[in-house]
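Q: Following this message is one structure expressed as C-alpha cells.
The values are calculated or read from the model by the stated rules, or taken from the named source; none is laboratory data. This is a predicted model, so every value here is computed, not measured. Glycine gets a Cβ as well: all are built from the backbone with ideal geometry, and neighbour counts include every protein chain shown. Keep in mind that these areas ignore ligands, DNA and RNA; they rest on the heavy atoms of the full protein, side chains included. Shrake-Rupley method; radii C 1.70, N 1.55, O 1.52, S 1.80 Å.
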Amino acid sequence: MLVTEGGVPLVPTCKKWGLEMGLSFFSKHLPIQEGQPWASKTPADIISTVEFNHTGELLATGDKGGRVVIFQREPESKNAPHSQGEYDVYSTFQSHEPEFDYLKSLEIEEKINKIKWLPQQNAAHSLLSTNDKTIKLWKITERDKRPEGYNLKDEEGKLKDLSTVTSLQVPVLKPMDLMVEVSPRRIFANGHTYHINSISVNSDCETYMSADDLRINLWHLAITDRSFNIVDIKPANMEDLTEVITASEFHPHHCNLFVYSSSKGSLRLCDMRAAALCDKHSKLFEEPEDPSNRSFFSEIISSVSDVKFSHSGRYMLTRDYLTVKVWDLNMEARPIETYQVHDYLRSKLCSLYENDCIFDKFECAWNGSDSVIMTGAYNNFFRMFDRNTKRDVTLEASRESSKPRAVLKPRRVCVGGKRRRDDISVDSLDFTKKILHTAWHPAENIIAIAATNNLYIFQDKVNSDMH
C-alpha cells in the first residue's frame with residue numbers, strides 16, 4: 001500500500017506492499033477462533049455488500065439471507081496498544097425478508113444488494129439498505145442508562161395508587177449494560193419495476209437516488225410514498241433495447257451531478273439543473289473500441305460493473321471484467337489510466353462464458369487520498385494499483401493468511417513458461433472463490449474484503465506499528 005511520511009509518498013517495494021492483518025479476521029458473523037471448525041458455507045451466508053461509514057469507525061455487511069451485520073472499531077487501550085483497528089460485532093439485524101409478487105408471480109429475494117451510510121447528524125447512526133425492490137432506512141442507537149426512581153410508577157412500570165405517594169423524589173439515570181437498538185425509520189417501496197442495482201446518498205444529505213436496469217429515481221429521505229424519475233432509458237418497444245444501467249453514484253461535492261454506467265461500457269454524467277428528466281446527458285465518457293481486439297465477448301467484458309467518484313470529485317473509477325479505468329471529468333474521449341486486473345483470462349473467455357463467470361460483477365474502491373485503487377479477482381485474489389508509482393500487487397485473502405499479525409505475501413499468476421516456486425498456474429485458479437465486494441477505510445489504510453461468506457479486515461503494517 002502507499003505509505004506516506006510527512007506527506008511525501010514513499011516508493012513501495014514488494015515487501016512494503018505487504019498488508020498486515022490488524023488482529024482481525026472475521027468469518028461471517030463472528031471472529032473465528034483457533035480450534036473452531038471452519039464456517040459452513042450456505043447461500044444465505046454469502047456476503048453481498050460491504051460499506052464503511054464516513055468516519056470508518058463502523059463497517060456494515062449485507063448478505064444473501066437479508067441480514068445486516070455492523071462491526072465497530074475498538075478504541076486503542078493502554079493495555080493493548082495494537083488493538084486499534086480491530087473490529088468487533090456491534091449489531092446484527094434482519095433487514096429484508098423473502099417476498100412474493102402475486103401480480104407478476106415472482107419471488108423477491110431477501111438478498112441485500114447495497115448498503116449506504118448517511119452522514120451522522122447526532123449520536124445515532126443511519127443507513128440505507130436495499131434488496132431488489134424495497135429500500136429501508138435504519139436508525140442505530142445506543143442505550144447504556146436506564147431511569148429509576150419514578151414518583152408515579154413502581155419498579156415494574158405500573159402506575160402507583162396516588163394515595164400512597166407521600167413524598168416526591170427526583171428520578172435518576174442508572175448505568176446498565178450497553179444495548180444497541182436498530183429500528184426501521186422509513187420504507188421506500190414500489191419505486192422500481194426492475195431490480196435495484198445501486199443506491200447513492202446525495203451530498204445535500206436530504207435526498208438519495210436508486211437505480212435499476214432501466215430507470216433512476218430520486219427520493220427524499222423523509223418522503224416514502226413518491227419519488228421522481230430522473231433517468232428513463234426504457235424504449236417504447238423492448239425489442240429495441242440495446243443497453244441497461246449497471247451502476248450509478250452522486251458526485252461527492254456537487255448535489256446536482258451524478259453519473260451512471262451502462263452495459264455498453266459508457267459513462268453518462270448528468271446535471272439535474274439542466275432538466276427534470278436527465279435523459280440527455282451533459283457528458284458521455286466512452287473509449288473507442290480497438291478493432292483488433294474485437295471478439296464475440298467484447299460487449300460482455302466491456303460492461304461496467306461499478307463506478308466510483310474519487311474523494312476529490314475530480315476522477316471516476318470504473319471496473320469492467322478485465323480492467324479498472326480512471327477517468328478525468330474534464331476528458332471524455334478516453335480514460336487517463338487503464339490497469340489490467342487479470343489479462344491472463346483473455347484466453348479463457350469461452351470457458352468463463354460457459355460457466356457464467358464472465359457475468360460476475362466486480363466492485364472497485366479508492367483509498368482515502370485517491371492514490372491507490374483496489375478491486376477483486378478470482379481464487380480469492382485482490383489487486384491494488386498505485387497511481388503514483390504505477391506499481392501493482394496481487395494479494396490473497398485466505399485462511400492461511402488469517403493468523404493475527406500475519407503479513408500477506410504478493411502472489412503471481414503464471415500463464416506459461418518457467419514458474420517460480422510460489423507462482424500459481426492460470427489453469428489452477430478456483431473460479432468459485434471470487435472477491436466481488438471490497439471497501440477501503442475513508443482515512444486510513446484499512447481494507448475490508450468479502451470472500452464468499454468470510455469477511456477479512458487487513459491493516460497496513462507500517463501504520464499498525466505506529467499505534
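Q: Among 214, 397, 130, which residue has its Cα furthest toward the positive end of the charge dipole of the chain, with +1 on Lys/Arg Cβ and -1 on Asp/Glu Cβ?
A: 397
Q: Taking N as the number of residues in the range 182-237, what is its alpha-carbon radius of gyration divided by 2.2 N^0.38 Å?
A: 1.18
Q: Using the Cα centre as the reference, give the magnitude of the dipole from point charges on the C-beta atoms of the chain (Lys, Arg: +1; Asp, Glu: -1; all else neutral), rounded to the nearest 20 debye.
A: That gives the chain a dipole magnitude of about 880 debye.
Q: Right, next: Probe 1.4 Å, all protein chains in place: accessible area of residue 46 in Å², nearest 10?
A: Per-residue accessible area (residue 46): approximately 40 Å².
Q: What distance in nm separates the two pseudo spin-label positions at residue 194 and residue 389, each 7 Å out from Cα along the beta-carbon direction?
A: 4.3
Q: For an R0 of 35 angstrom, estimate the FRET efficiency from the Cβ-Cβ distance between residue 420 and residue 311 and round to the nearest 0.05.
A: 0.45
Q: Describe numerically, in nm with one decimal, the distance between label points set 7 Å from Cα along Cα→Cβ at residue 203 and at residue 94.
A: Calculated label separation equals 4.0 nm.
Q: Assign one of three labels to the range 138-182, namely rounded, prolate or oblate, based on the Cα gyration tensor with a ≥ b ≥ c the square roots of its eigenvalues; rounded applies when a/c is under 1.5, prolate when it is not and a/b is larger than b/c, and oblate otherwise.
A: prolate
Q: Next up: Scanning the chain for chymotrypsin sites (Phe, Trp or Tyr not before Pro) in DSSP loops with at most 12 other Cβ atoms within 10 Å, what's the longest stretch left with none?
A: The longest uninterrupted stretch comes out as 103-295.
Q: With point charges of +1 on the Cβ of Lys and Arg and -1 on the Cβ of Asp and Glu, referenced to the Cα centre of the range 361-415, which listed residue (384, 410, 371) lies farthest in the positive direction of the dipole?
A: It is 410, whose Cα lies furthest towards the positive end.
Q: Quote the charge dipole size of the range 134-175 about the Cα centre in Debye, to the nearest 20; the model charges only the Cβ of Lys and Arg (+1) and of Asp and Glu (-1).
A: In debye, rounded to 20, the range 134-175 gives about 280.
Q: If you rank 446, 108 by how much accessible surface each has, with a 1.4 Å probe, what is the order from largest down?
A: 108, 446
Q: In the range 381-403, which residues have a backbone nitrogen under 19 Å from the label point lying 7 Å from residue 412's Cα in the Cα-to-Cβ direction?
A: Residues 381-386, 390-397 qualify, since their backbone N sits under 19 Å from the label point.
Q: Quick one: if you stick a label point 7 Å off each Cα along the C-beta vector at residue 427 and residue 284, how many nm between them?
A: 4.5
Q: For a bin width of 10 Å, list the pair-distance distribution of the range 127-247 built from all Cα-Cα distances, rounded to whole %.
A: Calculated over all Cα pairs of the range 127-247, the distribution is 11, 28, 18, 14, 13, 9, 5, 1, 0 percent.
Q: Just check the range 230-315 against the gyration tensor rule for me: Cα atoms, a ≥ b ≥ c as the square roots of the eigenvalues, rounded for a/c under 1.5, and otherwise prolate or oblate depending on whether a/b exceeds b/c.
A: Taking the square roots of the gyration eigenvalues as a ≥ b ≥ c, the range 230-315 is oblate.
Q: I'd like to check one number: the per residue accessible area of the range 407-449, probe 1.4 Å, reported in Å² as a whole number.
A: I get 57 Å² per residue for this part.
Q: Another question, if that's okay. Per the Kirkwood definition applied to all pairs of different Cα atoms, how many angstroms is the hydrodynamic radius of the range 304-359?
A: 12.5
Q: So which of 111/361; 283/361; 114/145; 280/434; 390/434 end up more than 27 Å apart, counting from Cα to Cα?
A: 114/145; 280/434
Q: For the range 279-415, rounded, prolate or oblate, judged on the Cα gyration tensor with a ≥ b ≥ c (square roots of eigenvalues), a/c < 1.5 rounded, else prolate if a/b > b/c?
A: oblate
Q: Fully extended, how many nm does the chain gain between residue 123 and residue 181 (0.36 nm per residue separation, minus their Cα-Cα distance)?
A: 19.6 nm
Q: For residue 164 and residue 107, calculate 0.36 nm times their separation in residues minus their Cα-Cα distance, and state this gained length in nm to one decimal.
A: 14.6 nm
Q: Give the carbon-plus-sulfur fraction of the accessible surface of the range 312-467 in %, rounded to a whole number; probe 1.4 Å, heavy atoms of protein chains only.
A: 46
Q: Separate question: Expected output is a single nm value to one decimal: the length gained when fully extending between residue 443 and residue 347, i.e. 0.36 nm times separation in residues minus the C-alpha distance. What is it?
A: Value of the extension gain: 30.7 nm.
Q: If you take all C-alpha pairs in the chain, what percent of them are over 28 Å apart?
A: Value for the chain: 55 percent of Cα pairs lie more than 28 Å apart.
Q: Can you give the accessible area of residue 318, probe radius 1.4 Å, in Å² rounded to 10?
A: Approximately 10 Å² for this residue.
Q: Taking Cα centroids, how far is the range 247-265 from the range 112-158 in Å?
A: Here the two parts' Cα centres lie 30 Å apart.
Q: OK, next. Nearest 0.05, what FRET efficiency do residue 237 and residue 42 give at R0 = 45 Å with Cβ-Cβ as r?
A: 0.60
Q: I'd like the distance separating the alpha-carbon centroids of the range 292-357 and the range 375-406, in whole Å.
A: 19
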